[in-house]
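Student: Sharing a structure with you now.
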Amino acid sequence: VHMIDGSPDKLYKRLEELGRGSFGKVYKVQHRRTGEFYALKLVAYHGMSTKLYDMQTSEIELLTSVHHPGIINYHEAYDDHENKEFGIIMDIFTKGDLHSYINKKRVTKASVSEQSIWAILSQLAYALSYCHSKTRAQGIEFGVVIHRDIKPENILISDDGRVVFSDFGICRALEERKATGTIVGTVAYLAPEIASMKSYDEKVDIWSLGCTIYELCTKTLLFRAKNISDLANKHKEFSSESLIIQHHGYSEQLETVLKAMLQVDPTVRISAAEICHIDRVRVELDKFKQMMAEKGKPIPQEVPVPNAPQTPVKQAVSASPSPFAHLKWSTSNSQQEQRRLPQSRPMSPPPVEDMRPRKVPPQNNPSIDDLILAVRQNNITDIRNLSKTLARKTDSSGRSALMHAVIMDRIEAVKILAPLESGLMDKSGRTALHYACAKKEPNKQMLLLLGEVEGRVVNSIGRTSLMLLIKDGRKDVAQLLVNKSYGVQDVAGTTALILAIRYRQTDIAMQLVHKEQKLVMKNGWSALMEAAQQGNVTVARALRNAEFGLRGNMEWTALMVAAAHGSDGVCKILMDVEGKQRDTLGETALMKAARAGKSNCAQVLLCAEGKLVRPDGKSALMCAAEAGHTECVRVLCATEAGLRKQDGRTALKFALERGHTECVDLLRPYEDVASPRQDVNCTGKRK
């Protein structure tokens with residue numbers, strides 16, 4: 001989304017003022033044609049220097065291209081030159097913010113439940129981990145995105161139960177034109193490195209979020225300071241060990257996480273990605289993603305949960321043991337996926353005592369226990385007779401007689417009961433087929449038999465046994481069910497083929513290619529895009545003719561995905577069928593490669609897409625120079641040097657603004673006024 005010249009009043013009718021802050025006002029507005037309601041934030045730039053104006057424009061452009069369920073959705077951005085203000089159209093929230101929420105709790109003397117605290121912390125840490133990532137799909141040229149003004153007033157509550165960051169980055173340029181040493185916003189939430197005027201990184205957001213979580217727990221500010229100097233002094237006297245929230249009724253685990261967030265030394269402070277891999281947080285994220293999927297708003301593939309940290313929490317500079325090392329972390333892919341499927345636990349047999357049917361005295365009316373006992377004793381005659389009246393009844397754990405037959409490996413009983421009891425699930429969401437798959441050495445005959453009747457039975461989020469086997473790496477068992485379970489999509493639209501590619505099971509994927517090709521996820525993500533992301537040339541070649549041209553989120557093609565992830569082999573396969581295509585921003589695959597620093601892909605795409613520019617004139621070379629990717633600049637400079645964005649900036653200008661000296665040195669011979677540019681071909685050779 002690019003900046004629109006003019007006033008938003010042409011398309012939006014202002015209804016009422018919702019609030020005002022340091023940098024402007026917020027109005028409730030209504031779209032004149034559709035009748036939809038939005039919020040309009042006006043940010044004045046009167047008196048701003050050209051440099052700061054460009055910085056603010058750049059950040060607004062970023063905001064309209066970054067999408068995450070934990071960040072307010074920015075729809076359009078206007079540059080009203082007449083009134084000297086930016087107008088940003090965003091989602092409207094009627095449930096208020098965390099500041100109002102805390103005030104209500106304070107007035108009523110009510111506490112916030114620990115469950116709510118964990119849910120809020122998890123969603124906000126998830127959003128920060130995305131923004132702090134250097135490998136996210138959108139806005140990567142801006143590097144790590146730091147909020148810098150996290151506080152309860154800037155966290156909104158949505159109608160569907162989310163907590164969402166607002167004011168993300170739209171005041172950075174305005175802050176920087178303030179006099180050094182003055183404070184914008186509330187002092188209480190500023191990190192020690194900002195208060196002491198030191199250089200800082202994304203860890204300042206973790207500190208501010210920690211202060212916010214502390215306030216949620218205690219309904220009081222962690223720090224009260226008159227000014228920045230007073231705050232800096234309080235930070236010097238502060239130790240996270242003095243934090244105690246257990247006497248407010250909260251757990252030791254929550255207190256420990258809070259202490260990790262509020263380490264004065266940012267090198268020891270926990271990161272957003274590390275928070276996301278604490279077991280309790282992972283569980284809350286699973287619930288959140290399932291809720292979003294049930295509401296028809298699945299989390300896009302382009303918004304992944306970050307990779308697990310190499311160490312739980314960084315050690316202090318003194319090399320003393322970390323006080324947070326005992327936090328439970330989730331690191332394996334298998335563990336992560338299991339928590340994503342709370343009702344589909346790892347497929348292992350239940351404890352022996354759970355498998356034993358209760359012996360009951362003879363009764364005139366037989367019960368499910370009698371049928372289970374017959375299964376255990378492998379009494380085929382009784383199984384046939386009792387199943388006529390007791391089929392599809394379950395024990396106290398929700399298990400059917402068929403499930404018990406599978407657990408006890410009674411193949412003849414399975415043959416009798418499978419047609420009668422297929423599709424039932426126990427209280428943990430398992431079917432008889434799940435139990436069969438869980439065996440260390442599964443019975444092939446039993447799997448094929450159950451696959452016929454339960455192959456397409458799904459769990460609470462729409463996943464089949466085949467999908468779970470692929471996720472668990474059970475390739476040998478999964479192969480038996482490919483022909484029984486194909487064609488099913490979970491609530492997000494994920495197929496077994498997409499999962500097989502994701503979990504690098506190429507043999508399974510190749511068996512599914514012709515069965516599930518062209519089945520795409522709800523966000524448009526295709527199997528070919530998954531292969532492009534994983535760099536799976538074999539599968540990409542098999543899917544090419546069937547799936548090229550499909551568009552995903554933001555109108556990305558599979559070629560763009562391959563370029564952004566450095567999959568040069570896939571780029572070579574797709575270049576002739578998807579080259580020169582553009583996404584909603586008007587960007588090409590070459591621009592994606594340049595922005596992500598994938599020089600290998602840039603080299604492949606240069607001949608086909610070199611010199612293509614966005615509607616605003618921005619080129620791939622400018623993207624690489626802005627992000628500081630030296631090797632990409634080296635590949636592109638001979639072909640694209642000298643191009644200008646509509647505002648007159650060249651790649652050299654972008655590199656200078658960002659302080660990327662190596663890129664500047666590469667570009668000067670081509671774009672310096674004193675060195676006129678010579679025409680070159682796509683190989684970089686001068687004509």
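Student: Name every residue in segment 207-257 that is within 21 Å of Ile278 (Cβ to Cβ), over 31 Å from the mean Cα position of the chain (by Cα) and of a type in the set (Asp, Glu), in order of residue number.
Tutor: Selection gives Glu241 alone.
Student: Could you go through segment 389-411 and let me know if any residue there is part of a loop (DSSP other than H, G, I, E, B) and out of contact with any helix residue (DSSP H, G or I) (no Cβ under 9 Å at 6 or more places or on another chain).
Tutor: Checked segment 389-411: at least one residue is part of a loop (DSSP other than H, G, I, E, B) and out of contact with any helix residue (DSSP H, G or I) (no Cβ under 9 Å at 6 or more places or on another chain).
Student: Which one of Val112, Val29 is among the β-branched types (Val, Ile, Thr), assigned by TED's automatic domain parsing to the domain that holds Leu156 and not in a helix (DSSP H, G or I)?
Tutor: Val112
Student: Could you check how many residues of segment 547-575 are under 18 Å from Leu499 (Cβ atoms) and part of a helix (DSSP H, G or I)?
Tutor: The total comes to 3.
Student: Helices (runs of 4 or more DSSP H) wholly in segment 471-536 with at least 1 residues that are in contact with an Asp or Glu (Cβ under 6 Å, 6 or more places away or on another chain) and modelled with pLDDT of 95 or more - which ones?
Tutor: Correct list: 496-502, 527-534.
Student: Also, quick follow-up: Which members of segment 585-601 meet the condition of being crowded, with 24+ Cβ neighbours inside 10 Å and under 20 Å from Gly549 (Cα atoms)?
Tutor: If the condition is that a residue be crowded, with 24+ Cβ neighbours inside 10 Å and under 20 Å from Gly549 (Cα atoms), then Glu587, Thr588, Ala589, Leu590, Met591, Lys592, Ala593, Cys601 are the ones that fit.
Student: Within segment 237-267, take every residue that is in a loop (DSSP other than H, G, I, E, B) and of a type in the set (Gly, Ala, Ser) and give me the one that is farthest from Ser122 (Cα to Cα). Give the derivation first.
Tutor: Just the residues of segment 237-267 that are in a loop (DSSP other than H, G, I, E, B), to begin with: 238-239, 243-245, 249-251, 262-267.
Within this subset, residues satisfying the condition of being of a type in the set (Gly, Ala, Ser) are 239, 249, 251.
Numbers: Ser239: 24, Gly249: 19, Ser251: 16 Å.
The selected residue is Ser239.
Student: Would you confirm whether or not segment 49-72 contains a residue that is in contact (Cβ under 8 Å) with a residue 24 or more places away in the chain and part of a strand (DSSP E or B)?
Tutor: The answer is yes, given that some residue of segment 49-72 is in contact (Cβ under 8 Å) with a residue 24 or more places away in the chain and part of a strand (DSSP E or B).
Student: Are there any pairs, at least 6 apart or on different chains, whose C-beta atoms fall under 8 Å, with the first in segment 573-590 and without any contact (Cβ under 8 Å) to a residue 60 or more places away in the chain and among the polar types (S, T, N, Q) and the second surrounded by 20 or more Cβ atoms within 10 Å (Cβ to Cβ) and in a helix (DSSP H, G or I), and if so, which?
Tutor: So the pair list comes out as Gln581/Leu559; Gln581/Met560; Gln581/Ala589; Thr588/Met560; Thr588/Leu605; Thr588/Glu609; Thr588/Ala620.
Student: Follow-up. Can you tell me how many residues within segment 594-647 are at pLDDT 95 or above, of a type in the set (S, T, N, Q) and outside any helix (DSSP H, G or I)?
Tutor: 1
Student: Being in a strand (DSSP E or B), touching a residue at least 60 places away in the same chain (Cβ under 8 Å) and in contact with a strand residue (DSSP E or B) (Cβ under 6 Å, 6 or more places away or on another chain): is that true of Glu76 here?
Tutor: Criteria met by Glu76.
The values are calculated or read from the model by the stated rules, or taken from the named source; none is laboratory data. Small disclaimer: the values here were computed from a predicted structure and weren't measured. Here Cβ is always computed from backbone atoms with ideal geometry, including for glycine, and neighbour counts include all displayed protein chains.
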